[in-house]
Each structure stands twice: as C-alpha cells, then as structure tokens.
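Student: One structure, as structure tokens, below. Some questions next.
The numbers here are math on the coordinates, done by the rules we state, and not lab data. For clarity, every value in this text was computed on a predicted model and none was experimentally measured. Backbone-built Cβ (ideal geometry, glycine too); neighbour counts: all protein chains shown.
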Amino acid sequence: MLPRTQLQSIFCLDWRKLVVSTKDSDVIDQAEALTRILSRMRPLRPRNVALADSLGCFAAHDIAAPIALPPFDNSAMDGYAILARSCHVGARLRVTGEQPAGGDLHLRGREGDAIRIFTGAPLPDGADAVIMQEDVERQGEQIILRSEVRPGDFVRRSGGDVAAGQKIVSAGERIRPETIALLAAQGVCSIEVGGEATAAIIATGDELASGSEPLRPGQIYDANTPMIHALLQELGVRVRSVACCADRQESITNAVQAGRDCDVIIISGGVSVGARDFVKPALAAAGAQLELWRVAVKPGKPFLFGHASQCAMFGLPGNPVSAFVTLLLFVRPAVLRLMGASDDAIRLPSWSASLATGVFNDGERPHYMRGALRGGEFLPLARQESHAVFGLSQSNALLLVQPGQRIAKGETVRIFTWK
Ligand code: AMP
Ligand code: MG
C-alpha cells in the first residue's frame, strides 16, 4: 500500500481540506477511497513481449544499457575528418581517403591530411574533428579550409549519449514510442512488462438501448459502455466482455458471475439509493465483498468498490460525466497499478494554468470541474451537469475546487489531464 503522502500527491490533495460529510457518516473522502482500492491491487505477473508490442505497457524491472551509444566515435556531418591542430582558415589539406557509414575501413588521419567522411561513419584513428563540407573548398584532391576547427567539432563520441550499464528505463515506467526508440537503438528486441489487465464491462438500466436499435419512447442510448471501453483501451486493458443488463438483480448477478475471471469488472448505473438500483444486492448475491460505497466527490458520489477473490469490482454512477470522472479518479489508478505502473505513472498529469473565469464551489463535496485547457488557460464548462455529454466531449482537463472555495479569474490553478 502506498504511504499517505504518496497517495496525497497522486491528486495533489491537501488532507486538511478533505471533506468527510457529517450528514452521511459513511461517505468517505477521495484519498481514503483510493488508498483502500490500491491496497487491493496486486500487480499482475510480468510477461515478456516483443519490443513492437510493448507500447503503453509498464517496464517490469529497471533496464540497464547493454551497449554504449553511440557505440563508436563517429561523424555528425558530411565533411572531412582532420586533426584540428594542423588546421587554420586558409590551410590546404590533402584528401587521402574516403570513409562512408556502414563499415570501418581503418583509415588513419594524419597531420596535413583530410579524409572524406559521411554522417554516422566511424571517425578514423588519428583524426579528432570533422569540418563540414560547406566549410571547405574542394580543389581536386585537396581542400582549403574556410573556417576554424577545434578538437571534437562534429564528432559524436562513443558513450556520449548513453554509457554501457547506465539505467535507461525504470521499473514501472510507461513504454512510449520514445522509449521504444531508445531500446531499439540498444538492440533490445523484447522486454519484461507488467501483466495485461482484463476487464468486463456491464451497463445497467431498463432505459438503455444500443446504437444499432431505433430509440423507443423513454429509452436513451448507452453512452457509458463505449466510453469505458475506449478509456480502458487507451490504458492498455483488454476488454473481454460487454453486457447490458435490465434493472433486475438476477440479470446483474449473472453478468457479474460471467465476468469474474477478469481482473476488473466495471458496472455503470444502478449504484445509487433508488428502489431500482440493484448493483449492490446483485454483487452480494454474486459473493462479492463491498469495500466502499459513496465517496465525497462531485460528480460521482455513489461510486462503489468491491471484490471477489482477485476480481476488483467498480460501480460507477450512471450519468456519463460522473462515470467518466470516477473512472479517472479510481479505476484508472487501479488498473495501472495492476499493470505494474509506478506511483509516478499512475498519477494524472497535472499542470499550472490561468483560470479563464472565476469559480465557486458552494457544495459540500470537492468538485472536479470539467473544462478546456488551451494555451495555458483553463476555461471551465458553463454547464457542469453530470448527464451533459457534449460538455464532456469539449473538455480535456479537470479543476478541483474544494467546498466553499472561491477562485478568481486570472488566478493560477493546478489542473489535471488524462492523456
Ligand atoms: P443511475 O445511476 O442508474 O441512477 O442512472 C443515472 C442517470 O444516468 C440516469 O439518467 C440514467 O438514464 C443515466 N444512465 C445510466 N446508464 C447510462 C448509460 N450506460 N449511458 C448513458 N446514460 C446512462
Ligand atoms: Mg439506473
């Protein structure tokens, strides 16, 4: 389990400001909820994957550089390899050979000589600098220097980028295209990464229709399943099954039983206190243990977390915006932890921004306001309702506003993104 201070820093929360509702004594604060969730998440067994398949995975161990980079001294330019001390503007040098990239011809640089050389070609022994071809005038087998040359000019030294044995990737670090470039340059073809998390998604609600059917009166299209699926996909989670259940306990219990061999089950809707909210009894009937229910965040208060043996179960509120925010705050760190992410890598990226319009939280829960971050400025959406998916589609960042907190236009705020 993460120490409190690390958890706090995941969302940069100030513990003294966190609210535990006095009205609902069982509503728990966000950091406490995350602590409890993460304490249940055991990283999955690492696996070996081809480098090409490692994108988005997390390194299972530190990786040390097998070789130095560059592996040998070489030229950074097309030009001439020379001995700097024999050079000055106007000096005339004899071209004695040519060293292309690809194989070492073992030519030797001597005072008064120049060797034609190309970018990436090994620097001949004896030479200590390269002069660009643009800085010489070629006359037959001779060149005349048009600029000064210092030792080391346009030479890429062996080990100048990476020393052999140096740590190049840390355990828990996400493998990005940039990381793949580094590992490929090291001749690494496969790496150990954290296990692949699997998920089952269950949407609940009598009113839900799928996009392939025309809407009947009173129905709405299921927005949550595709959204949850997409976010999980982005995180590298394999979605194994998707189900849509009516508001009937038995139907939800069956879907939960069917998904129990996955690492996580994510259920949306039916987690509130309505007479037709069946997720809690359905989970109990499926043998799951309820770990927490109701968290002091807005949107997303009815969020639920439980488990049955190794399967973690998340109940998200049905409103798509609430489902999205609770996915980011609780499910995202949980699945990343399963996949072997470091504390750093599970943290939502956070930035400083100037607030484009004043905000006030007159509620009792910390409010994650959605908005657009552009050019260093954060503009909260005018409509913050939790059913409003157009606003959600226009937002790319969250601002946390504490209960009673007023923030004026132009103040610097810390906002969170999820890319
Ligand atoms: P619930 O959490 O089941 O009380 O649902 C809260 C609101 O979210 C209701 O207006 C539901 O119609 C809506 N809702 C529930 N599930 C979904 C879904 N999968 N897609 C879109 N809206 C939903
Ligand atoms: Mg419902």
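Student: Taking θ = phi - 60°, what integer Hz values does the Karplus form 6.51 cos²θ - 1.76 cosθ + 1.60 yield along region 58-68, in sequence order, with x for Gly and Pro?
Tutor: Per-residue couplings from phi come out as 10, 4, 7, 9, 5, 10, 9, 5, x, 9, 7 Hz.
Student: Let me ask something else about it. What is region 350-416 by shape, rounded, prolate or oblate, if you read a ≥ b ≥ c off the alpha carbon gyration tensor as root eigenvalues and call it rounded for a/c under 1.5, prolate for a/b larger than b/c, and oblate otherwise?
Tutor: Oblate shape, in that a/c is at least 1.5 and b/c is the bigger or equal ratio.
Student: If packing is taken as the average number of other Cβ atoms within 10 Å across a peptide's residues, how do 315-323, 270-278, 367-375 rank, most packed first?
Tutor: Values: 315-323: 25.8, 270-278: 17.0, 367-375: 18.9.
Most protected by this proxy first, the peptides run 315-323, 367-375, 270-278.
Student: What are the residues whose amide H is under 5 Å from the amide H of Cys244, where those residues sit 5 or more places off or on another chain and H is modelled from the backbone?
Tutor: Ala203
Student: Out of all DSSP beta bridges with both ends in region 58-142, state the antiparallel percent to the nearest 5.
Tutor: If I count the DSSP bridges inside region 58-142, around 60 percent turn out antiparallel.
Student: Quick query: amide H of Ala388 versus all other amide H atoms, modeled in the peptide plane; which residues come in under 5 Å with a sequence gap of 5 or more or a different chain?
Tutor: Amide H to amide H, under 5 Å and 5 or more residues apart or across chains, Ala388 pairs with Val321.
Student: Now, a different point. In whole angstrom, note down how far apart the Cα centers of region 321-343 and region 182-232 are.
Tutor: Each part reduced to its Cα centre gives a spacing of 13 Å.
Student: Excluding residues fewer than 8 places away in the same chain, name every one of the aspartates and glutamates whose C-alpha is closer than 19 Å to that of Lys301.
Tutor: Asp24, Asp26, Asp29, Glu32, Asp277, Glu291, Asp362, Glu364, Glu385
Student: Right, something else. Tell me what the chain gives for mean residue ellipticity at 222 nm when only DSSP H runs of n ≥ 4 count, each as -39,500 (n - 2.57), the sum divided by the residue total, rounded to 500 deg cm²/dmol. Spell out each step's value before the answer.
Tutor: On the way: 10 runs with 80 residues, N = 419.
The per-residue figure over the chain is -5000 deg cm²/dmol.
Student: Could I ask something else about it? Measure nothing fancy, just the Cα-based angle from helix 249-259's long axis to the longest principal axis of the chain, in degrees from 0 to 90, nearest 10.
Tutor: 20 degrees
Student: A further question on this structure: Out of residues 5 or more away from Ala197 or on other chains, whose amide H comes under 5 Å of its own, with H placed 1.01 Å from N in the peptide plane?
Tutor: Distant-sequence amide H within range of Ala197: Arg238.
Student: So in the chain, what percent of DSSP beta bridges are antiparallel if you round to the nearest 5?
Tutor: 65 percent
Student: Report the extension gain between Thr412 and His229 in nm, rounded to one decimal, defined as 0.36 nm multiplied by the number of residues separating them, less their alpha carbon distance.
Tutor: Full-extension gain reported as 62.5 nm.
Student: Further, regarding this structure: What angle do you read, to the nearest 10 degrees and between 0 and 90, between the alpha-carbon axis of helix 224-235 and the longest principal axis of the chain?
Tutor: Long axis of 224-235 versus the principal axis of the chain: about 30 degrees.
Student: Continuing with this model, one more query. Under a straight-distance cross-link criterion of Cα-Cα below 12 Å, which aspartates and glutamates are reachable from Lys419, leaving out those fewer than 8 residues away in the same chain?
Tutor: Correct list for Lys419: Glu234.
Student: Among Gly56, Gly363, Gly79, determine the one that fluctuates most according to a GNM of the chain built with springs between C-alpha atoms less than 10 Å apart.
Tutor: Comparing Gly56, Gly363, Gly79 in the GNM, the peak value goes to Gly79.
Student: Normalised by the residues of the chain, what does the relative contact order come to in percent, with Cα pairs under 8 Å and at least six apart?
Tutor: Working: 965 pairs, mean separation 69.1, N = 419.
The normalised contact order for the chain reaches 16 percent.
Student: Pop a pseudo-label 7 angstrom from the Cα along the beta-carbon direction at both Glu148 and Ser241 and give the gap in nm to one decimal.
Tutor: 7.5 nm
Student: Let me ask something additional. In whole Hz, with x marking every Gly and Pro, tabulate ³J(HN,Hα) for region 33-48 from phi via Karplus 6.51 cos²θ - 1.76 cosθ + 1.60, θ = phi - 60°.
Tutor: Using θ = phi - 60°, the values come out as 4, 5, 4, 5, 5, 5, 5, 8, 8, 8, x, 6, 5, x, 9, 9 Hz.
Student: Further question: What ³J(HN,Hα) values, in whole Hz, does the Karplus curve 6.51 cos²θ - 1.76 cosθ + 1.60 give for region 412-419 when θ = phi - 60°, with x put for Gly and Pro?
Tutor: Listing the rounded values in order: 7, 10, 9, 10, 10, 10, 10, 9 Hz.
Student: Estimate the FRET efficiency between Leu215 and Arg248 by the formula 1/(1 + (r/R0)^6), using the beta-carbon distance for r and 22 Å for R0, to the nearest 0.05.
Tutor: On the way: r = 21 Å, r/R0 = 0.96.
Efficiency, from the Cβ-Cβ distance: 0.55.
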